[in-house]
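Okay, structure first, notes after.
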Amino acid sequence: MNFKRIAAAAGAVLMISSNAFAAEVDVNKRKDDLNYLYDTLKEVHPNIFYNNDEEIFSKRISEIEKKLPYDSDTEFMLDLQSLVSLVGDSHTSLTISMDDADVFPVNMTKYDGKWTLTLAPEEYKECVGMRVDTIAGYSVDDLCQKFAYIFSADNKEVLEYRFSKNFYVDDFLSYLGVKKHGEPLKIQGHDDNGKKYEMTVNSVSIQSISDVKLAKLSDMRTALPATEYNGEYYSSKPLNNSAYYIQYNKCDVDPDFPIDKFEDKVKNELNSGNYSQIIIDMRNNGGGSDGVIQNTLKIIKDYADKNGSEIYGLIGERTFSSAIINSVMIKEMGGYLVGVPTGGSVNHFGAVKGFKLPNSGLKVGYSTKMIWLSDFMDAAQGYDIEALQPDLVVYESIEDYINGIDTVVETVLAKPEIKEYETGKQLYMTRGGLVTELYKLSGDGMNTYPDVEFYDVFPFSETYKPICWAVKNGISVGDGTGMFLPAKKITREEAAVIIDRFLDYMKIEKTNSKEIAYEGVSYWASASINNIVSMGIMETESGDFKAKDNITKDCGITDRVSEIIGKADNGLK
């Protein structure tokens, strides 16, 4: 177990180094760094007061200033990070090494949805695999919340993940008042039969961790699954005659395996088989550039449409940043998500840049913009700054882990019935969504139409073919700037115009009606609104059409259009 590697990968946000400062305390330099940190973040971050107002930041700064003469170097670094943590942005944090930290040789992760000890000194071998109840007298959840003081996190899932990879650092525990530095750490737990365990562990320096004899859950494994994490940027293979598997671990281009070569491999392997399931595994993907895999998704979507294949995206606590964007893309292409909630948030601050503090030289990474995925993809609608949820929750089983079985993958291979996750919030009809519903009603699904080139229309999206169809037949157009705005909530008057054009395309005879000048209606929508209202597709409220209001997904408009088409078809018969 490489603690240094684990801690760095978990978010070098809080790792400790006693070499970052000079041995003697210079209060003025520390104050200069503190002020520079705060003033610079206010200037370069999109909004550091999104989660906490300025008064709370000022209070924290005052508390830190009082400690400046007495803080150790480590305490001062954590003071600075505690200020950054108020931003509540998982991408904004200090970057500090942990060359000289004292750590406890223990670790844990979640199996079966429960905190499980995965590493311990050899003398506590029997405790490995136990469900952890308390650490230093705190429940795991309560201790995790204490770590929120110094961890940058925009949701509880990323907080839990970073906590689980750093709770064993003695400096953190003493800084947070959990225990005194140098004191042993007591951990209590139980097994699945109810037997209780207790262990008391001493800390060691990070340099001497390799000298400690350790018992690991991984040593108990009898086999490895075919889908075991392989460390490659991307890889693919058939799992059986009906399931094709892609492991996507890094949103970047592998210099030794160009992405276009990978795309060719996927395309050739798919076309040489008959796969009813395509699985894209992003459980270990921490992000990068969301554009790398987009053409691969298009290849998968084309194959799935042609062969009636189901698409599944696997997500988990380590799915972060651009990997979340790609996971939402899987939803956008009609796929399902399976696993547990992601570590990062659907809508989030991102596009990271950095700066250094003038005296300590500590690096600070900060977000440069707010990314609202719901502005680009319908599948993100209903989410706030919160974890992406799976359509089917599946926890990794400790028994499966030991026996070399991938619980999540095996669940997918069993072809479970999946009910798509609902945010519980009101969802609205979008431009792409309406066009897609009308495309289905047209019966033109087998026809082909020229591709369209809109900057914001993804070729792998379920809305892509409908938008090509709508543009080709003059039912809907873009905004004149090279964008179609498929995820934009559609207004009532916009919907009326698109539906009116659709009825013309379907050669539906319209009801003659007296033209009414509704208040607040755009000139270009007036005739269409009269047509749609007279046909009973849309209604007014006390004579008010409410032209600029948005339409909810459950409003029933397309159902009424379907009824009109059905009556017209019956009339022809």
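The values are calculated or read from the model by the stated rules, or taken from the named source; none is laboratory data. Being a predicted model, the structure only gives us computed values, none of them experimental. Here the Cβ is made from the backbone with ideal geometry for all residues, glycine too, and neighbour counts use every protein chain on show. We work out accessible area using only protein heavy atoms, side chains counted, and drop any ligands, DNA or RNA first. Shrake-Rupley method; radii C 1.70, N 1.55, O 1.52, S 1.80 Å.
Tabulated results
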| read-out | value |
| --- | --- |
| Residue satisfying condition, being under 24 Å from Asp302 (Cα atoms), open to solvent by 20 Å² or more (accessible area, probe 1.4 Å) and in contact (Cβ under 8 Å) with a residue 24 or more places away in the chain, within set Tyr518, Tyr505, Tyr439 | Tyr439 |
| Residue within the stretch 143-155 that is aromatic (Phe, Trp, Tyr), out of contact with any Cys (no Cβ under 9 Å at 6 or more places or on another chain) and more than 18 Å from Val103 (Cβ to Cβ) present | yes |
| So Ser208, is it open to solvent by less than 40 Å² (accessible area, probe 1.4 Å) and at pLDDT below 95 | yes |
| Cβ pairs under 7 Å, 6+ apart, first in the stretch 528-550 and modelled with pLDDT of 90 or more, second open to solvent by 40 Å² or more (accessible area, probe 1.4 Å) and aromatic (Phe, Trp, Tyr) | Asn550/Tyr428 |
| Yes/no for Ser17 being at pLDDT below 95, assigned to a loop (DSSP other than H, G, I, E, B), touching a Ser or Thr at 6+ places or on another chain (Cβ under 6 Å) and open to solvent by 20 Å² or more (accessible area, probe 1.4 Å) | no |
| Test for Lys356: is it more than 28 Å from Ile246 (Cα to Cα) and either buried (at least 22 other Cβ atoms within 10 Å of the Cβ) or over 23 Å from the mean Cα position of the chain (by Cα) (or both) | yes |
| Selection from the stretch 221-236 of residues that are open to solvent by 70 Å² or more (accessible area, probe 1.4 Å) and either β-branched (Val, Ile, Thr) or not in a loop (DSSP other than H, G, I, E, B) (or both) | Thr222 |
| Selected residue (criterion: surrounded by the most Cβ atoms within 10 Å (Cβ to Cβ)) from residues of the stretch 43-77 that are hydroxyl-bearing (Ser, Thr, Tyr) and touching a residue at least 12 places away in the same chain (Cβ under 8 Å) | Thr74 |
| Verdict on Ala527 being in contact with an Asp or Glu (Cβ under 6 Å, 6 or more places away or on another chain) and either surrounded by 12 or more Cβ atoms within 10 Å (Cβ to Cβ) or of a type outside the set (Lys, Arg) (or both) | no |
| Count of residues meeting criterion [of a type in the set (S, T, N, Q), assigned to a helix (DSSP H, G or I) and in contact with a helix residue (DSSP H, G or I) (Cβ under 8 Å, 6 or more places away or on another chain)] in the stretch 520-570 | 4 |
| Filter result for Glu310 (modelled with pLDDT of 95 or more, on the phi < 0 side of the Ramachandran plot and either under 15 Å from the mean Cα position of the chain (by Cα) or basic (Lys, Arg) (or both)) | no |
| In the stretch 454-499, the residues that are charged (D, E, K, R) and free of Cβ contacts under 8 Å to residues at least 24 places away in the same chain | Lys472, Asp479 |
| Residues of the stretch 323-346 that turn out to be in a helix (DSSP H, G or I) and open to solvent by 10 Å² or more (accessible area, probe 1.4 Å), as a count | 3 |
| Residues being on the phi > 0 side of the Ramachandran plot and either part of a helix (DSSP H, G or I) or open to solvent by 20 Å² or more (accessible area, probe 1.4 Å) (or both) - total across the stretch 266-298 | 1 |
| Residue, nearest to Lys66 (Cα to Cα), within the stretch 79-91, restricted to residues that are assigned to a helix (DSSP H, G or I) and open to solvent by less than 10 Å² (accessible area, probe 1.4 Å) | Asp79 |
| Residue list for the stretch 306-322, filter: assigned to a strand (DSSP E or B) and among the small types (Gly, Ala, Ser) | Gly313 |
| Residues being within 17 Å of Met377 (Cα to Cα), part of a loop (DSSP other than H, G, I, E, B) and not hydrophobic (A, V, I, L, M, F, W, C) - total across the stretch 449-478 | 8 |
| Residue check for Phe262: under 26 Å from the mean Cα position of the chain (by Cα), modelled with pLDDT of 95 or more, among the aromatic types (Phe, Trp, Tyr) and over 30 Å from Met329 (Cα atoms) | no |
| Odd one out for Gly361 among (1) closer than 30 Å to Asp33 by Cβ; (2) touching a helix residue (DSSP H, G or I) at 6+ places or on another chain (Cβ under 9 Å); (3) open to solvent by 20 Å² or more (accessible area, probe 1.4 Å) | (2) |
| Unmet requirement for Lys553, which otherwise passes all of (1) under 31 Å from the mean Cα position of the chain (by Cα); (2) crowded, with 21+ Cβ neighbours inside 10 Å | (2) |
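Residue-wise test of (1) of a type in the set (Lys, Arg); (2) on the phi < 0 side of the Ramachandran plot; (3) at pLDDT below 95.
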position: Ser97; (1), (2), (3): no, yes, yes
position: Asp100; (1), (2), (3): no, yes, yes
position: Asp112; (1), (2), (3): no, no, no
position: Lys125; (1), (2), (3): yes, yes, no
position: Val132; (1), (2), (3): no, yes, no
position: Val140; (1), (2), (3): no, yes, no
position: Leu173; (1), (2), (3): no, yes, no
position: Lys186; (1), (2), (3): yes, yes, no
